[in-house]
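Step one of this worksheet: look at the structure below.
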Amino acid sequence: MSFPIVVLISGNGSNLQAIIDKCHVPGDVEIKAVISDQPGAYGLHRALQAGIKAGVHKQVEGEPRDGYCFILADIIEDFEPELIVLAGFMKLLSPCFIDRFPNKIINIHPSLLPKYKGLHTHRRVLEAGDKEHGITIHWVTEELDSGPIIVQRRFPIMSDDTEETLEQKVHLLEHIWYPWVVSRIARNERISENLVR
Ligand code: GRF
């Protein structure tokens, strides 16, 4: 039986596409649904193209975060996922959501956490004059971008790198490692600590 997951997105969905191509199509993992908080997210189109259920759950103006997350959790629960994969999902999930799915939510972040939590990581890395940049895949806890790290991959920053080239390099790594992590979790295989450095 394939391993059921739900993927949450807000935008382009290139990481979703990598997971579709490398996990869902081969059949080890079944993406039960893709849910976006943004009606125009291109990732919804990617899901439908692959024959995966896709829908929007948008936070209406003035709706409290807890209420939004409570309904989102209800929607997701119906799909009985073993794993919830945040792939560019831009909403901060409230503790009541996270408590409903203990040790079942992962996220990918475009920086070497704990450096550069939050937004605009490529710009901040360049402004700081860092020598390296990278990606982090981690378990989701109540504190933003702070849960236990599963995999971290890094690369050197070149003198001619820009926000755009850093984004491209980050995406190249993400598209390799996010599907890899999803597959390992699906097969209940240990992930070496050597991949966090
Ligand atoms: C990725 O860089 C990811 O690290 C961050 O948001 C971006 C989403 O890109 N959380 P995409 O929508 O998967 O193309």
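The values are calculated or read from the model by the stated rules, or taken from the named source; none is laboratory data. Keep in mind it's a predicted model, so treat the numbers as computed, not measured. Every residue, glycine among them, receives a Cβ derived from its backbone with ideal geometry; neighbour counts consider all protein chains shown.
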Between a residue in region 88-114 that is closer than 21 Å to Glu174 by Cα and in contact (Cβ under 8 Å) with a residue 24 or more places away in the chain and any residue that is more than 16 Å from the ligand (Cβ to nearest atom) and of a type in the set (A, V, I, L, M), which pairs come within a Cβ distance under 9 Å, given they are 6 or more apart or on different chains? Lys91/Leu72; Ile105/Leu83; Ile105/Ile98; Ile106/Leu83; Ile106/Ile185
Going by what's in this entry, would Ala33 be described as within 12 Å of the ligand (Cβ to nearest atom), outside any loop (DSSP other than H, G, I, E, B) and either on the phi > 0 side of the Ramachandran plot or buried (at least 16 other Cβ atoms within 10 Å of the Cβ) (or both)? no
Could we say that His133 is within 16 Å of Val7 (Cα to Cα) and part of a strand (DSSP E or B) here? no
Looking at (1) in a loop (DSSP other than H, G, I, E, B); (2) more than 13 Å from the ligand (Cβ to nearest atom); (3) surrounded by 15 or more Cβ atoms within 10 Å (Cβ to Cβ), which is the one condition that is false for Arg124? (1)
Could you please find all residues in region 1-30 being at pLDDT 95 or above, more than 10 Å from the ligand (Cβ to nearest atom) and aliphatic (A, V, I, L, M)? Ile5, Val6, Leu8, Ile20, Val29
Evaluate region 147-166: report whether one residue or more is of a type in the set (Ser, Thr, Tyr) and either under 21 Å from Gln38 (Cβ atoms) or within 11 Å of the ligand (Cβ to nearest atom) (or both). no
Report, by residue number, each residue of region 36-63 that is under 18 Å from Pro4 (Cα atoms), without any contact (Cβ under 8 Å) to a residue 12 or more places away in the chain and either in contact with a Lys or Arg (Cβ under 8 Å, 6 or more places away or on another chain) or in a loop (DSSP other than H, G, I, E, B) (or both). Gly51
Across region 176-197, what is the total count of residues that are of a type in the set (Ser, Thr, Tyr) and assigned to a loop (DSSP other than H, G, I, E, B)? 1
